[in-house]
Amino acid sequence: SNKPTIPEAVVIDDSTITENASDELQTIGVIDKNSGNALGFWHGTQAQYNNGGTVKDTYYDWETFPHNTSTLTADQRWISVAFGDNKFVTASNTDKANYSSDGQTWTASTLPASNTWSVGYGNGRFVALSGYITAYSDDGGETWTQGPNLPQDAWVAGWHIIYADNKFVAVTGNDANVSVYSTDGINWYSSTFTNQAQRYSIAYGNGKFITIGNGTNILNVSTDGQTWNTV
């Protein structure tokens, strides 16, 4: 009854998070506008999810926000998290993955290789990317199948994956001018930017994919996730 009304755009105020090796917040997961629940991960085994609170402007104050913690199945650097098919799935920088239906109780699963994985969800399928390697899961992250390798010009690390406009699109945190896209989460194709930069995030809205290069003022925009224009 005390859960807040979540604004359309929610920004996590990381100034309230103590940053050190034991409890640095590594990943923010899904924020549910209706329930107010959010999910975040630290290095190690800890996951944190909120259970209601108040909105501070458009920020969550994680220092005072009511929350609980749960324990993941392994002490790893948990890199990425996605939600779909009523499950949370998180991937690590090894071959370890976890899945959960409530963000509290976690079950281990195994990815095809020991790498730094990024995970996304769309159209009934979880996908994971790392370097050249791809993987997908059709049972909520319980079992993973290795897919075809990424194109040879797309070997990079730190992929960020989004599903929109009936396709997966991923950009990389490596210093590159390559993105990849897939309509099925199994077969991937590369596209290029006009500028080379690290890209840590991608968003979609109003018919456009948008990503920005780290340390630049250059925005890349695409209407199809394949051909990019520079702004």
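What to note about this one:
- FRET E, pair residue 102, residue 183, Förster distance 35 Å, beta-carbon r, rounded to 0.05: 0.65
- Computed log₁₀ I(q)/I(0) - Debye formula, equal Cα scatterers, no solvent, region 153-208, q 0.14, 0.19, 0.20, 0.22 Å⁻¹: -0.34, -0.62, -0.69, -0.83
- Equivalent-ellipsoid semi-axes for region 184-231 (Cα gyration tensor, √(5λ), whole Å, largest first): 18, 13, 10.
- Where labels lie 7 Å past Cα in the beta-carbon direction, separation of residue 219 and residue 85 in nm: 3.5
- Here the label points at residue 77 and residue 123, each 7 Å from Cα along the C-beta direction, are separated by 3.3 nm in the simple model.
- Å² of accessible area per residue within region 100-139, as computed with a 1.4 Å probe and no ligands counted: 36
- Area accessible to solvent at residue 155, 1.4 Å probe radius, in Å²: 140
- Spin-label model distance (nm) - residue 146 vs residue 114, 7 Å beyond Cα toward Cβ: 1.4
- For the pair residue 201 and residue 139, the difference between a 0.36 nm per residue extended length and the Cα-Cα distance amounts to 19.7 nm.
The values are calculated or read from the model by the stated rules, or taken from the named source; none is laboratory data. Here the structure is a predicted model, which means the values were calculated and not measured. Virtual Cβ from ideal backbone geometry, glycine too; neighbours counted across all protein chains shown. What goes into the accessible areas is simple: the full protein's heavy atoms, side chains included, and nothing from ligands, DNA or RNA. Shrake-Rupley method; radii C 1.70, N 1.55, O 1.52, S 1.80 Å.
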